[in-house]
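Reading through the structure tokens given below for one structure.
The values are calculated or read from the model by the stated rules, or taken from the named source; none is laboratory data. Keep in mind that this is a model prediction, so the values were computed, not measured. Neighbour counts are summed over all protein chains in view; Cβ atoms, including those assigned to glycine, are modelled from backbone coordinates with ideal geometry. Just so you know, the surface numbers come from the protein's heavy atoms only, side chains and all, with ligands and any DNA or RNA stripped out. Shrake-Rupley method; radii C 1.70, N 1.55, O 1.52, S 1.80 Å.
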Amino acid sequence: MSSPRVTVIGAGVAGLVAATELAGRGVSVEVIERASRIGERACSWFAGGMLAPWCEQVNAEPTVSMLGQIALDWWPRHFPATRRNGTLVVAPPRDASELVHFARHAERFEWADTTRIGELEPDLRGRFRKALFFAEEAHLDPRQALTALAGSLADMGVPIRFDTDASPANIDADHVLDCRGFAARDTLTELRGVRGEMVIVRSKEITLSRPVRLLHPRFPLYVVPRADGLFMIGATMLERADSGPVTARSAVELLNGAYALHPAFGEAEIVEFGVDVRPAFADNLPRMIRRGRTTCLNGLYRHGFLLAPALARQAATALCGMSLENLHEDHCQ
Amino acid sequence: MDLYGVEIASRLLLGTGKYPSPAIMTEAVTASGTGVVTVSLRRESGSQRSGQDFWAMIRGLGVRILPNTAGCYSVKEAVTTAQMARDVFGTSWIKLEVIGDADTLQPDVFGLVEAATILAGDGFEVFPYTTEDLVVAERLLEAGCRVLMPWASPIGSGKGLNNVFGLRTLRAHFPEVPLIVDAGIGLPSHAAAAMELGYDAVLLNTAVALAGDPTAMAGAFAKAVEAGRAAYLAAPMEPRDMAAPSTPMIGKASLE
């Protein structure tokens, strides 16, 4: 059987990971993207880049955790700068019950006391009495990761055609993999948009080795360290499909939270505010939907980097015709 | 139960925030048997009223919608949000929240009375989220409110009925006004306790949304509210200090 020609629409995390999986299996792939460069119009550009399947169990269905564990294996192989330093979850003493709630719904963590917190993150020494440490989780810089994937696709001879806005119907290929995120709302009417806002700051006064989540009854947030003293602080979740500028309230909440984590963030430089719309279905679970020669990968919600490898693998398996009969038509499981 | 001339069968009102997903929220609403859900506009709307997908889901629940002004800290903000809610949901019902303290989310009762006066004058049917303060309650009724919603304890705290005496006093003073305990309920037993005091209904959100199994918890609350109401109507016994045997002592065999 000759290998099919596949066109992937969308060079966000879903599209690039899927193209990588397909190319790795010898499929003839091309990627088309409406924007002019990687990340320009992809919500994954604004992601935290946390590969945290066990933390996510607290707010997501077990499926997310199960599929997410594949990402812990996939990303280090395709993006060696992935760091597997775990996740630290902290709460101020007043909100200690938030930690108990988190611990009750998560798995694969250890309780950390003041000493252990200080060993893990010296700059947080003495600031928190209790924390949860998820040793097996990882994180990456989404922008570097997307750029690296685009580079390795080019090395494999997979072109990314920018400035190309196409709908699945008018593409000449054996298969179309529709990875357009919320832009696919025209065909996936049940898709909804969930607004997310984030801020990137720079500080030389504090160093973190892993994502730190600060629990709060109203404004939970995370701080993810990146290279060159950069930190990504995220992220709001608002039930609206609006990518307008960050509101003052959201900015205050995000920055306040970071300041509560460590006063050094009060002196940090603001590098960027970012906003985009995450694609989600009503159950907040991803789906692979086949419609004739088009396969849609969508609904990755706030778990793009965590879920893309599992979905890409399933899509690649399906498109290569290796186990079509084992594939559920409408769901990724 | 009659709320502004509308007959509502279930005495449990449910909030729609903080669920793991809209699908789970929908299941929980169904399991609760509620006839009224509250929905927040402030955070989900923005300037472009772009929360439409979520609002469409809320409309699709097929129950009456009570929009709220959660997150509003001033009279002006609350009034503007209420007007927007009327446009978006086509209802004159509004759950009025004017928050006075960011830490406890305690109502600013002065702003609340002011906003209620403005909104009632503008044709709104106001459900004010207030403290259990008797005098404030009187002012809210003067302002035109026909329903009162005192807190049990701070929003989302799950601490249950913090001031049973105050809640009982309120009930005794306003026997004819629909009284709904709003906020602070953590367990079905709290909801039952409020209903046993003779409250007309209970409004809650976090206790269901943050439960490990929100749908099962919604069902548990439905039973608790029903049990509490039935107990109130059955005229509970008065507690007393002296033990009273439930079987007669006279005639029992004596082993002396």
Review point. Of A:L307, A:G274, A:L99, whose Cα points farthest to the positive end of the dipole of chain A (charges on the beta-carbon: +1 Lys, Arg; -1 Asp, Glu; origin at the Cα centre)?
Key: A:L99
Study note, to complete from the structure: Magnitude of the Cβ-charge dipole (Lys and Arg +1, Asp and Glu -1) of segment B:30-186 about the Cα centre, nearest 20 debye, reported as 420
Point to revise | With every protein chain in place, segment A:1-74: carbon and sulfur % of accessible area (1.4 Å) | key: 48
Check your understanding: Can you tell which of A:G181, A:L208, A:A169 lies farthest toward the positive end of the dipole of segment A:165-256, using +1 and -1 charges on the Cβ of basic and acidic side chains (Lys, Arg; Asp, Glu)?
Key -> A:L208
**Study point:** Modelled FRET efficiency - R0 35 Å, A:M156 with A:N256, Cβ distances, 0.05 increments
**Key:** 0.20
Check your understanding: Tally Lys and Arg at +1 and Asp and Glu at -1 over the other residues with C-beta under 13 Å from the C-beta of A:S152: what net charge comes out?
Key -> -1
Review point. Hull surface divided by four, with the convex hull built on the Cα atoms of segment B:62-111: how many nm²?
Key: 3.7
Practice item. Please report, in Å, the Rg and the Dmax of the protein assembly as shown, where both are computed over Cα atoms only. Key: 27.0, 102
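Enter the buried accessible area of the B/A pair, total of both sides, probe 1.4 Å, in Å² rounded to the nearest 100.
1800
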Exercise for review: Round to a whole angstrom and tell me the spacing of the C-alpha centers of segment A:95-148 and segment A:161-191.
Suggested key: 38
Review point. When DSSP assigns beta bridges and you keep just the ones with both residues in chain A, what percent turn out antiparallel, to the nearest 5?
Key: 70
Exercise for review: Starting from the Cα-Cα distance between A:S28 and A:T147, subtract it from 0.36 nm times their residue separation and give me the gain in nm to one decimal.
Suggested key: 40.8 nm
Revision key, fill the gap. Total charge of the residues flanking B:V208 in space, meaning their Cβ is under 11 Å from its Cβ, with Lys and Arg +1 and Asp and Glu -1, is -1
Point to revise | Residues in segment A:268-299 that, when all protein chains are in place, have 40 Å² or more less accessible area than the chain alone would give (probe 1.4 Å) | key: A:A282
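Across all directions of projection, what mean area in square nanometres is found for the Cα convex hull of chain A?
Projected area, direction-averaged: 16.2 nm².
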Review point. Quick one: putting +1 on the C-beta of Lys and Arg, -1 on the C-beta of Asp and Glu, what dipole do you get for chain A around its Cα centre, in Debye to the nearest 20?
Key: 300
**Study point:** Hull-based mean projected area of segment A:69-200, where the convex hull spans the alpha carbons, in square nanometres
**Key:** 12.2
Check your understanding: Which whole-percent values make up P(r) of chain B when all C-alpha to C-alpha distances are grouped in 10 Å steps starting at zero?
Key -> 7, 31, 35, 16, 5, 3, 2, 1, 0
Review point. For chain A, what relative contact order do you get, as a whole percent, if you take Cα pairs closer than 8 Å and at least 6 residues apart?
Key: 25
**Study point:** Cα lying deepest toward the dipole's positive end in the protein assembly as shown, options A:V27, B:A211, B:V98, charges on Cβ
**Key:** A:V27
Check your understanding: Relative to the Cα centre, what is the charge dipole magnitude of segment A:37-167, using +1 at the beta carbon of each Lys and Arg, -1 at the beta carbon of each Asp and Glu, and rounding to the nearest 20 debye?
Key -> 240
Check your understanding: So for segment A:156-264, what are the equivalent ellipsoid semi-axes in whole Å, largest first, each being the square root of 5 times an eigenvalue of the Cα gyration tensor?
Key -> 36, 20, 11
Practice item. May I ask you to give the solvent-accessible area per residue for the protein assembly as shown, in square angstrom, as obtained with a 1.4 angstrom probe? Key: 42
Exercise for review: Report the label-to-label distance for A:D123 and A:R104 in nanometres (one decimal), using points 7 Å from each Cα along the Cα→Cβ vector.
Suggested key: 3.4
Point to revise | segment A:41-115: GluC sites (Glu not before Pro) in DSSP coil with no more than 14 other Cβ atoms inside 10 Å | key: A:E107
**Study point:** Surface share of carbon and sulfur [accessible, 1.4 angstrom probe, percent] for segment B:1-147
**Key:** 49
Exercise for review: Write out the GluC sites (Glu not before Pro) in segment B:131-228 meeting two conditions: DSSP loop, and at most 10 other Cβ atoms within 10 Å of their Cβ.
Suggested key: B:E176
